[in-house]
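Novice: Below are the structure tokens for one structure; questions will follow.
The values are calculated or read from the model by the stated rules, or taken from the named source; none is laboratory data. What you see is a predicted model, and the numbers here were worked out from it, not measured in a lab. Every residue, glycine among them, receives a Cβ derived from its backbone with ideal geometry; neighbour counts consider all protein chains shown.
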């Protein structure tokens, strides 16, 4: 049954509104919101129930095939780095190099590096004690310190796999994850710098002092169990190097240098992250069987929650693709002039409306996928730019409906006024900066 562009658009809009209402207002888990939206859109355009279910299964399965192991291994790596105190070792090393005079810069850099394998909320919780203690010791405003750390973590969380939003977008759009990681790191640097500069500029206007938990005893207690600096950094650096080599070196298909092919396979994200996990295990001696088992269970449970959201996003994308909404848009609206601006704006609106960067970028990727030809992004270069522009959109604007917003406020003792004027504005500036960098990249590639 053929439907008009207006009718298909109304069905799509109904699905989006349902996702926002269920997740933002009624706090329904994103998995159920996305699956219900599949039925709203699918049944709305006239698909039989059996066909909608088949599309949901296919979309869910396809995204699991490409991302399942990456998310599980990335989550496991992050948890192991937390447990072995590797994150504190990295933070202490960076602070030693920058000096206490630049404590806020040290926390920003720490957030960026620690945030590569660790989700932003977990990373902030782990580092908040150190952050609060430094703020007290150096007399730097807790607002400056906290927003510097928060934006460093946030920039990589929104742009770089194995973080769920960026990983899901790469899987849905069909872009090489290795290139998203490497280019994403370069794009995230200016965003981190802008977040840090704004924290210093705006945060100084707030003379708030924190009432942090004293972690000195905890540091002394665990000092003997901390890994060396090299051991702490290797689980983060080695996977990135391996992925970089595979993504930018040409695999020899003639077989003349077969050893190169065997070496480059180490750069497959699954193998590279597995190596990172093994290196993280080396950060602690004398593993206890029970505690190790609990850590792995925690990693699997955390990854499972992420995977079902990503799978539901893949299902939503499959339903949208089946409606041929891309053809409707291309025939009715000239999207070619918008290019990377369209996925950016769509993700920005979804993020601001419902709060979750992950849900925003997954939903946007599902909508944008069939529109890539109309947007002029139907190429390897276009896929990469599209994913990065959605990452930029997913940064802004973090405010009271974002769980990470409250993690920062709770663990640093910041009030709503400081959070909105410093942190929320920082996310806006970071998103716009990232979009600018993606635009510059589009002219250079």
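Novice: Checking residue 227 against (1) under 22 Å from the mean Cα position of the chain (by Cα); (2) buried (at least 17 other Cβ atoms within 10 Å of the Cβ); (3) at pLDDT 85 or above, which single condition isn't satisfied?
Specialist: That leaves (1) as the condition not met.
Novice: Inspect all residues belonging to the stretch 39-50 and state whether any of them is modelled with pLDDT of 90 or more, assigned to a helix (DSSP H, G or I) and under 24 Å from the mean Cα position of the chain (by Cα).
Specialist: no
Novice: Within the stretch 318-326, does at least one residue satisfy the condition of being over 18 Å from residue 17 (Cβ atoms) and free of Cβ contacts under 8 Å to residues at least 40 places away in the same chain?
Specialist: Looking through the stretch 318-326, none of the residues is over 18 Å from residue 17 (Cβ atoms) and free of Cβ contacts under 8 Å to residues at least 40 places away in the same chain.
Novice: So, residue 67, is that one in a helix (DSSP H, G or I), over 22 Å from the mean Cα position of the chain (by Cα), modelled with pLDDT under 90 and within 29 Å of residue 348 (Cβ to Cβ) or not?
Specialist: Judged against the criteria, residue 67 is not a match.
Novice: Just checking, which of 118, 172, 185 is touching a residue at least 24 places away in the same chain (Cβ under 8 Å), farther than 19 Å from residue 364 by Cβ and either part of a helix (DSSP H, G or I) or in contact with a strand residue (DSSP E or B) (Cβ under 9 Å, 6 or more places away or on another chain) (or both)?
Specialist: One residue alone meets the criteria, 185.
Novice: Scan the stretch 80-92 for residues that are within 21 Å of residue 160 (Cβ to Cβ) and surrounded by fewer than 23 Cβ atoms within 10 Å (Cβ to Cβ) and jot them down.
Specialist: Listed by number, the residues that qualify are 82, 90.
Novice: Would you confirm whether or not the stretch 96-105 contains a residue that is in a helix (DSSP H, G or I) and within 18 Å of residue 238 (Cβ to Cβ)?
Specialist: no
Novice: Restricting the first residue to the stretch 371-385 and requiring it to be touching a residue at least 24 places away in the same chain (Cβ under 8 Å) and at negative phi, which pairs with a second residue that is buried (at least 23 other Cβ atoms within 10 Å of the Cβ) and outside any helix (DSSP H, G or I) meet a Cβ separation below 7 Å and a spacing of at least six or different chains?
Specialist: So the pair list comes out as 383/377; 385/340; 385/377.
Novice: Another question about this same structure. It is to be established whether one or more residues within the stretch 93-104 are out of contact with any strand residue (DSSP E or B) (no Cβ under 7 Å at 6 or more places or on another chain) and crowded, with 24+ Cβ neighbours inside 10 Å.
Specialist: yes
Novice: Quick check on my filter: what residues within the stretch 397-438 are buried (at least 18 other Cβ atoms within 10 Å of the Cβ), modelled with pLDDT of 90 or more and farther than 20 Å from residue 360 by Cβ?
Specialist: Once the filter is applied, which keeps residues that are buried (at least 18 other Cβ atoms within 10 Å of the Cβ), modelled with pLDDT of 90 or more and farther than 20 Å from residue 360 by Cβ, the stretch 397-438 yields only 422.
Novice: A further question on this structure: For residue 295, indicate whether it is surrounded by 24 or more Cβ atoms within 10 Å (Cβ to Cβ), touching a residue at least 60 places away in the same chain (Cβ under 8 Å) and within 25 Å of residue 157 (Cα to Cα).
Specialist: No; evaluated as a whole, the condition is false for this residue.
Novice: Could you grab me the full set of residues in the stretch 1-50 that are surrounded by fewer than 16 Cβ atoms within 10 Å (Cβ to Cβ) and over 30 Å from residue 305 (Cβ atoms)?
Specialist: 1, 2, 4, 5, 6, 7, 10, 46, 48
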